[in-house]
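Have a look at the structure below before the remarks.
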Amino acid sequence: MKVIVNNIDKLNDAFEMIVSGADGIGVSIDKEKKLDMEKANDLVFYLPPISTSVLVTKSVAPISITSDANNIGVNTILFEGDILEDDIKLIREKLPYIKVIKKIIVSDKDSIKVAERYKKSVDAILLETDIMSNDNLLLCKKIIDECDYVLFKAEVTKDCFAVVKELNPYGIVIDYNNQEKIKEFIEAIG
C-alpha cells in the first residue's frame with residue numbers, strides 16, 4: 001500500500017518518513033501553512049529520486065497552481081479544493097509530467113457521482129470522510145472498487161488502521177503530526 005505523508009515542513013522529518021516507508025511527501029504553501037516557496041523547493045529538491053513529491057493545495061487558480069508546482073519542482077498535485085475538470089486540463093497542458101490527485105469528501109451517495117466524474121481527468125482520487133459511519137465506509141468501498149487508483153485519508157489510530165485494512169485502498173494519505181505513531185502505522189500497514 002502506498003503512503004503519502006502531508007504537511008511536512010522540515011527536510012529531516014521528510015527523510016525520516018521516507019526511511020520509515022513513506023512513498024511520498026506532501027508540501028503545502030497555502031497561507032495557513034508555515035512553509036514558504038523557497039523551503040518547499042529545498043525540501044522537494046533533496047528528496048530521494050524515487051520519492052513522490054506532492055504539492056497539496058486548496059487553490060483553484062490554474063495559473064497560480066501551475067507556477068507553484070513548477071517553482072517547487074513537484075511531480076504530483078493534490079487538489080483539496082473544488083477545482084474544475086477544465087482547469088485540471090489546463091494545468092496538465094502546461095505541466096504534462098504532473099500526476100493529479102483530487103480529494104473528494106465522502107458524505108452521501110453523491111460522492112460516488114463526483115468520483116465518477118473526476119476519475120476521467122485525474123490519476124488518483126483521495127477519499128476523506130469526517131464521519132466513519134458504516135454508510136460512508138460502504139460508499140468509500142464502492143468508489144475503491146469502481147476506480148483504479150484510490151487513496152484514503154487516514155488518521156493514525158487503531159480504529160482507522162482497521163478501516164484501512166478493510167477498505168484496502170491503493171494508498172493512504174496521512175497528515176504529519178506524531179512521527180513515532182506514523183512510523184508504527186506505516187510499518188503495520190506494510
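The values are calculated or read from the model by the stated rules, or taken from the named source; none is laboratory data. All values reported here derive from a predicted model rather than from experimental measurement. As a convention, Cβ positions derive from the backbone with ideal geometry for all residues, glycine included, and neighbour counts pool all protein chains shown.
Could you check, for segment 68-91, whether at least one of its residues is under 18 Å from the mean Cα position of the chain (by Cα), basic (Lys, Arg) and more than 23 Å from ILE189 (Cβ to Cβ)?
no
For ILE98, state whether it is buried (at least 19 other Cβ atoms within 10 Å of the Cβ), farther than 20 Å from THR57 by Cβ and at pLDDT 95 or above.
Here the answer is no, as ILE98 does not meet what is asked.
I need a count of the residues in segment 74-108 that are among the basic types (Lys, Arg) and under 16 Å from PHE152 (Cα atoms). Working first, answer last.
Taking segment 74-108 first, the residues among the basic types (Lys, Arg) are 89, 92, 94, 99, 102-103.
Still in the list and also under 16 Å from PHE152 (Cα atoms): 102-103.
Within segment 74-108, residues that are among the basic types (Lys, Arg) and under 16 Å from PHE152 (Cα atoms) number 2.
Are any residues in segment 138-163 without any contact (Cβ under 8 Å) to a residue 60 or more places away in the chain and outside any helix (DSSP H, G or I), and if so, which ones? Full working, then the answer.
First pass over segment 138-163, keeping only residues without any contact (Cβ under 8 Å) to a residue 60 or more places away in the chain: 138-150, 152-163.
Residues satisfying the conditions are CYS147, ASP148, TYR149, VAL150, PHE152, LYS153, ALA154, GLU155, VAL156, THR157.
So which residues in segment 161-185 are polar (S, T, N, Q) and either over 17 Å from THR129 (Cβ atoms) or in contact with a Ser or Thr (Cβ under 7 Å, 6 or more places away or on another chain) (or both)?
Here is the first cut: in segment 161-185, the residues polar (S, T, N, Q) are 168, 177-179.
Answer for segment 161-185, where residues must be polar (S, T, N, Q) and either over 17 Å from THR129 (Cβ atoms) or in contact with a Ser or Thr (Cβ under 7 Å, 6 or more places away or on another chain) (or both): ASN177, ASN178, GLN179.
Scan segment 126-163 residue by residue and report those that are within 19 Å of LYS113 (Cβ to Cβ), among the β-branched types (Val, Ile, Thr) and touching a Leu at 6+ places or on another chain (Cβ under 7 Å).
Matches in segment 126-163: ILE143, ILE144, VAL150.
Of all residues in segment 1-38 being under 12 Å from LEU55 (Cβ atoms) and modelled with pLDDT under 90, which is surrounded by the most Cβ atoms within 10 Å (Cβ to Cβ)?
Residue satisfying both the conditions and the ranking: ILE29.
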